[in-house]
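Structure first, commentary second.
The values are calculated or read from the model by the stated rules, or taken from the named source; none is laboratory data. Bear in mind that the values here come from a model prediction, so they are computed numbers and not experimental data. Here the Cβ positions follow ideal geometry from the backbone for every residue, glycine too, while neighbour counts run over all protein chains shown. Heads up: the accessible areas ignore ligands, DNA and RNA and are worked out on the full protein's heavy atoms, side chains in. Shrake-Rupley method; radii C 1.70, N 1.55, O 1.52, S 1.80 Å.
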Amino acid sequence: MRKSSAIAAATAEPRRPRGRPKVRSDEDQRALIAENALALFVAKGLSQVTMGDVAAQCRVSKRTLYELFANKADLFAAIVAAHRFEMLALPGDYDGLPLTEALAQIFRVDLDAEASDRRMAIMRFIMVEIRANPELGRVMRQAGPEKAMTLLSEWLERQRRRGQIEVDDTASAAKILMDMIFGAMAAKTSDGLEWPGEEDRATYVRRCIHIFVNGVSAKSL
């Protein structure tokens with residue numbers, strides 16, 4: 001029941017505002033359009049939605065839409081980028097926390113049930129679309145995992161300089177950590193499986209973090 005309601009919330013078409021729309025910056029307009037497009041794409045599938053459909057849903061002209069997004073691939077990339085923070089909470093200031101807790105917050109271990117189901121619904125949408133449209137795989141990697149990995153590598157490098165970890169290649173360490181945590185999540189999403197519960201998912205992620213930290217912390221070395 002909880003899953004279906006959360007997915008419905010993630011895929012429901014946003015309400016259209018009444019009256020004359022307020023003037024928005026291009027950045028705000030892009031964000032609003034990306035959110036509306038996500039609802040349409042999840043509900044109908046990427047191939048079944050036209051740029052005209054997106055323009056109509058967002059109450060903007062097609063000319064305005066094309067000024068902000070060159071095509072659906074560009075819009076797909078914006079959606080992935082917009083929701084990257086839901087997967088990996090970086091950039092952010094976690095220097096005052098123990099390393100394990102900082103990583104737990106970065107990987108958003110303690111999401112509430114609704115936010116977690118929304119994240120899984122978005123992951124499921126992305127996985128379905130890149131299987132159906134392989135050309136979107138590169139777009140997704142650049143806007144999502146590659147950028148996230150760069151941010152995590154930079155954060156780990158900062159911890160290395162602060163003497164919190166000892167690792168010779170923070171880029172490789174970032175990839176290893178992301179593979180540990182997101183690998184099983186992606187596999188379950190693509191196979192249509194689910195974690196038995198939020199506690200199970202959170203426990204798994206914390207174990208990944210524990211294994212990683214015990215392998216690289218300066219104290220243990």
If you check Gln142, Gln164, Gln105, which single one turns out to be open to solvent by 20 Å² or more (accessible area, probe 1.4 Å) and touching a Leu at 6+ places or on another chain (Cβ under 6 Å)? Gln164
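Kindly evaluate Phe85 against the criterion of being of a type in the set (Phe, Trp, Tyr) and open to solvent by less than 30 Å² (accessible area, probe 1.4 Å).
When the stated conditions are applied, Phe85 does not pass them.
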Can you name every residue in the range 139-164 that is at pLDDT below 90 and more than 13 Å from the chain's Cα centre (by Cα)? Val139
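Would you check if there is a residue in the range 124-131 being at pLDDT below 95 and within 17 Å of Leu90 (Cα to Cα)?
Quick first cut of the range 124-131, residues at pLDDT below 95 only: 124-131.
Filter again for within 17 Å of Leu90 (Cα to Cα), leaving none.
There is no residue in the range 124-131 that is at pLDDT below 95 and within 17 Å of Leu90 (Cα to Cα).
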What number of residues within the range 82-113 are part of a helix (DSSP H, G or I) and modelled with pLDDT of 90 or more? 8
Open to solvent by 40 Å² or more (accessible area, probe 1.4 Å), of a type in the set (A, V, I, L, M, F, W, C) and over 13 Å from the mean Cα position of the chain (by Cα), is that true of Leu136? no
Give just the number: which of (1) surrounded by 19 or more Cβ atoms within 10 Å (Cβ to Cβ); (2) in contact (Cβ under 8 Å) with a residue 40 or more places away in the chain does Asp110 not satisfy? (1)
